[in-house]
C-alpha cells in the first residue's frame with residue numbers, strides 16, 4: 001500500500017494557541033487528501049479536504065496546506081479548544097476515490 | 001438525517017466462531033467501504049462495494065473474510081473461524097458515489113474482541 005506518515009505522534013498545546021499537525025505522503029500521484037478527526041470510541045469525522053490542484057484551503061478555524069514539491073500536508077487549527085482533543089489522520093487517494101490510505105495519526109492534547 | 005450506522009458496537013467471539021458485522025450507509029449513499037483499525041494505528045482499507053457488487057477487495061485477507069452489500073438491507077462483513085489477530089475495530093464508510101470526489105463518511109465502528 002501507499003505510505004502516509006506523520007512527523008509527530010503526540011502534540012500538546014495550550015488552549016487558545018494555534019495547532020499545526022503535519023503529514024508526509026510518498027506517492028506523488030496522490031491527487032486528493034482528507035483530514036479526519038477521531039475521538040475516543042468514535043469513527044473518523046471529516047474535517048477538510050483538498051485536491052492536488054490547490055495548495056491551500058480554509059474552513060472554519062481550520063486550514064489545510066498542501067506542498068506537492070515535498071509531498072507534505074498540514075492541518076492548522078486556530079484558537080485550539082479542549083473539544084479539539086482527538087487523534088487526527090491524514091488520508092490520501094490516488095486516481096480514484098474509492099480507497100484511501102491513512103497515516104498512523106497524531107494525538108492532539110489541548111491543555112486548559 | 002441518520003449517519004452511517006454500524007452494529008453491534010461491541011462483539012465478543014471465541015476463537016473458531018463466526019463474526020458478522022453490519023453497516024447501513026447514509027441515506028442516498030450507494031457505495032460502502034470497510035476498514036480495519038488496530039489500536040494506536042490508522043485505518044487500513046479492506047473492501048469497497050456497491051449494491052450487489054464487490055468493486056475492490058484488495059485489502060481483504062484471502063481466507064475467512066467476506067463482504068456483501070445486497071440489494072436490500074445492510075452491508076455485511078463476515079469473518080469465519082475467528083482468531084485472536086482479528087481483534088480490532090472495524091469501520092464502515094459510505095459515499096454517494098457520484099460525483100466521485102467526495103469524502104467518505106464513517107460510522108462509529110464495531111469493536112471485535114476474540115477470546
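Taking 25 °C and 0.890 mPa s as conditions, chain B diffuses translationally at an estimated 174 µm²/s according to Stokes-Einstein applied to its Kirkwood radius (Cα pairs). Peptide packing for B:16-22, B:109-115, A:50-56 was compared via the average number of neighbouring C-beta atoms within 10 Å per residue; ordered from the highest value, the list is B:109-115, B:16-22, A:50-56. Among beta bridges from DSSP that stay inside chain A, the antiparallel ones total about 90%. Per residue of B:105-111, other chain Cβ atoms within 10 Å of the residue Cβ number 4 on average.
What is region B:21-72's relative contact order, in percent, from Cα pairs under 8 angstrom and six or more apart in sequence?
Relative contact order, region B:21-72: 26 percent.
For region A:50-112 versus region B:33-87, the spacing of their alpha-carbon centroids is 26 Å.
Arranged from fewest to most other beta-carbon atoms within 10 Å of their beta carbon, B:11, B:77 become B:11, B:77. Among the residues of A:98-110, the average count of other protein chain beta-carbon atoms within 10 Å of the residue beta-carbon is 4. Below 8 Å between Cα atoms, with a sequence gap of 6+, how large is the relative contact order for region A:58-112 in percent? Value for region A:58-112: 28 percent. When only Cα pairs below 8 angstrom with a gap of at least 6 residues are kept, chain A shows a relative contact order of 37 percent. Under a 10 Å cutoff between Cα atoms, tell me which one of A:45, A:76, A:60 has the largest fluctuation in the Gaussian network model of chain A. Answer for the Gaussian network model of chain A: A:60.
Values quoted throughout were computed directly from the atomic coordinates according to the rules given, and no laboratory measurement underlies them. Because the structure is predicted, anything quoted here is derived from the model rather than measured. Positions of Cβ are backbone-derived with ideal geometry, glycine not excepted, and every protein chain shown enters the neighbour counts.
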